[in-house]
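The values are calculated or read from the model by the stated rules, or taken from the named source; none is laboratory data. Since the structure is predicted, the reported quantities are computational estimates derived from the model, not experimental observations. Counting neighbours? That spans all protein chains shown, and the Cβs are built from the backbone with ideal geometry, glycine included. Side chains included, ligands, DNA and RNA excluded: accessible areas come from the protein's heavy atoms. Shrake-Rupley method; radii C 1.70, N 1.55, O 1.52, S 1.80 Å.
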Amino acid sequence: MTALAERTVGIFGAGKSGVAIARRALDAGYGVAVATSGPAWRTDLVTRVLTPGVRAVDAAELASVAPIVVLAVPLRRLRELPLSTLAGRIVVDIMNYWEPTDGVLPDFASRAHASSLIVRAALPASARLVKTFNHIGYHEMEQLARPSGTVGRVALGVAGDDLDAVATIARFVDDLGFDPVSTGTLADSHCLQPGSPLFGADMEPAAFREALSQLASREVPA
Ligand SMILES: NC(=O)c1ccc[n+]([C@@H]2O[C@H](COP(=O)([O-])OP(=O)(O)OC[C@H]3O[C@@H](n4cnc5c(N)ncnc54)[C@H](OP(=O)(O)O)[C@@H]3O)[C@@H](O)[C@H]2O)c1
C-alpha cells in the first residue's frame, strides 16, 4: 500500500456531496483521493476544476490509498463499486435511499432495515461501516462548517457498530467542522434517514440529543 497516510480519505463519487466532503477534508488538512465510475484521467478533468489538490484515481485503486473511504454515490449504483477492495477499511455511508433518483430498490423500499444495514451486508465482513453526513445537504456541508468550540456549531449524527471506527469518524466529522453526536448502532440508524425529524434539521448538539431521545422514547412504547 502506497504511503497509506492516516489522514487520507478516499471518496467514491465526485458529485454534489463528494465534492463538498472533498473540499472540507482538504481544508482540514486531509489528503483526498476521489474515484468515479470512469477512468482516473476523466475524473481528474472534474476534480482539477472543482477540488484542486484532490488526487483522482481509478475506482479499483481507491481503497489502496486511503484507510477511510466515503461512499458518496447514489444507492442504486452501490453494487457497481469494487466492494471487495473495502476489506479492512473504515467505510463511511453518507447515502440515502431516494426513490425519485434511485427508483424502487426492493431491499431499501421495504424499510424493514435501516439502509446502512443493507449497505453493510454488501461489504466484506472486515469493512467497518459508519453512517454520517447523510442528513445534511451538500451546500450546508460547506456553509455550516465551523471550527471546534464555536457556539451554535451544527451537530451530525454518527452511527456504527465498531466503536473504534465510530471514534475515528467522529474525529473526522469534528475536523470537517461539525459536532459529532453518537446515535447508536447501524440497526438504529433509521433516526438519520429521510423522514426522521433529524434529517435536514441543522441542530446544535443539545437540540439534536433532545430530538434523538424523544425519537427513542417514541419508538419504545412504555
Ligand atoms: N446531494 C446532497 O445534498 C446529499 C447530501 C447528503 C447525502 N447525499 C447522498 O450522497 C449520495 C450521492 O448524492 P449526490 O447528490 O452527491 O449525487 P450526484 O451529484 O449525482 O453524484 C454522484 C457521483 O457518484 C459517481 N458514481 C456513480 N456511480 C459510480 C460508480 N459505480 N463508481 C464510482 N462513482 C460513481 C458519479 O460519477 P459518474 O456517474 O461519472 O461515475 C457522481 O460523481 C446519495 O446517496 C445521496 O443520497 C446527498
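Go through the range 5-23 and report how many residues are surrounded by fewer than 21 Cβ atoms within 10 Å (Cβ to Cβ) and more than 13 Å from the ligand (Cβ to nearest atom).
Residues of the range 5-23 surrounded by fewer than 21 Cβ atoms within 10 Å (Cβ to Cβ): 5-8, 15-16, 23.
Filter again for more than 13 Å from the ligand (Cβ to nearest atom), leaving 5-8.
Within the range 5-23, residues that are surrounded by fewer than 21 Cβ atoms within 10 Å (Cβ to Cβ) and more than 13 Å from the ligand (Cβ to nearest atom) number 4.
Taking the stated definitions as given, is residue 107 open to solvent by 20 Å² or more (accessible area, probe 1.4 Å) and more than 17 Å from residue 142 (Cα to Cα)?
Numbers: open to solvent by 20 Å² or more (accessible area, probe 1.4 Å): yes; more than 17 Å from residue 142 (Cα to Cα): yes.
Yes, satisfied.
If you go through the range 142-167 one residue at a time, how many are in contact (Cβ under 8 Å) with a residue 24 or more places away in the chain, surrounded by fewer than 23 Cβ atoms within 10 Å (Cβ to Cβ) and within 16 Å of the ligand (Cβ to nearest atom)?
Total meeting the criteria: 4.
Let me spell it out: the conditions are (1) of a type in the set (A, V, I, L, M); (2) in contact with a Pro (Cβ under 8 Å, 6 or more places away or on another chain); (3) without any contact (Cβ under 8 Å) to a residue 60 or more places away in the chain, and residue 45 meets all of them except one. Which number is the exception?
It fails just one condition, (2).
Of the conditions (1) more than 8 Å from the ligand (Cβ to nearest atom); (2) under 18 Å from the mean Cα position of the chain (by Cα); (3) surrounded by 21 or more Cβ atoms within 10 Å (Cβ to Cβ), residue 72 fails just one. Which one is it?
That leaves (1) as the condition not met.
For the range 24-39, state whether one or more residues are touching a strand residue (DSSP E or B) at 6+ places or on another chain (Cβ under 7 Å), in contact (Cβ under 8 Å) with a residue 12 or more places away in the chain, under 18 Å from residue 165 (Cα atoms) and away from the ligand (no atom under 12 Å from the Cβ).
For the range 24-39, residues touching a strand residue (DSSP E or B) at 6+ places or on another chain (Cβ under 7 Å), in contact (Cβ under 8 Å) with a residue 12 or more places away in the chain, under 18 Å from residue 165 (Cα atoms) and away from the ligand (no atom under 12 Å from the Cβ): present.
Pairs needed: first member in the range 71-84, assigned to a helix (DSSP H, G or I); second member anywhere, open to solvent by 60 Å² or more (accessible area, probe 1.4 Å) and within 8 Å of the ligand (Cβ to nearest atom); C-beta distance under 8 Å; at least 6 residues apart or different chains.
75/98; 76/101; 77/37; 80/37
Residue 34 - would you say it is in contact with a helix residue (DSSP H, G or I) (Cβ under 6 Å, 6 or more places away or on another chain) and among the hydrophobic types (A, V, I, L, M, F, W, C)?
Details: in contact with a helix residue (DSSP H, G or I) (Cβ under 6 Å, 6 or more places away or on another chain): yes; among the hydrophobic types (A, V, I, L, M, F, W, C): yes.
Taking the combined requirement at face value, the residue satisfies it.
Would the range 105-118 turn up any residue that is farther than 25 Å from residue 175 by Cα, among the β-branched types (Val, Ile, Thr) and part of a helix (DSSP H, G or I)?
Start the filter on the range 105-118 by keeping residues that are farther than 25 Å from residue 175 by Cα, which leaves 105-115, 117-118.
With the extra rule that they be among the β-branched types (Val, Ile, Thr), the set shrinks to 118.
Remaining after also requiring part of a helix (DSSP H, G or I): 118.
Looking for residues that are farther than 25 Å from residue 175 by Cα, among the β-branched types (Val, Ile, Thr) and part of a helix (DSSP H, G or I), one finds at least one in the range 105-118, hence yes.
Give the number of residues within the range 179-218 that are open to solvent by 30 Å² or more (accessible area, probe 1.4 Å), farther than 16 Å from residue 117 by Cβ and free of Cβ contacts under 8 Å to residues at least 60 places away in the same chain.
17
For the range 29-50, what are the residues that are closer than 23 Å to residue 139 by Cα and either at pLDDT below 95 or in a helix (DSSP H, G or I) (or both)?
Within the range 29-50, 43, 44, 45, 46, 47, 48, 49, 50 qualify.
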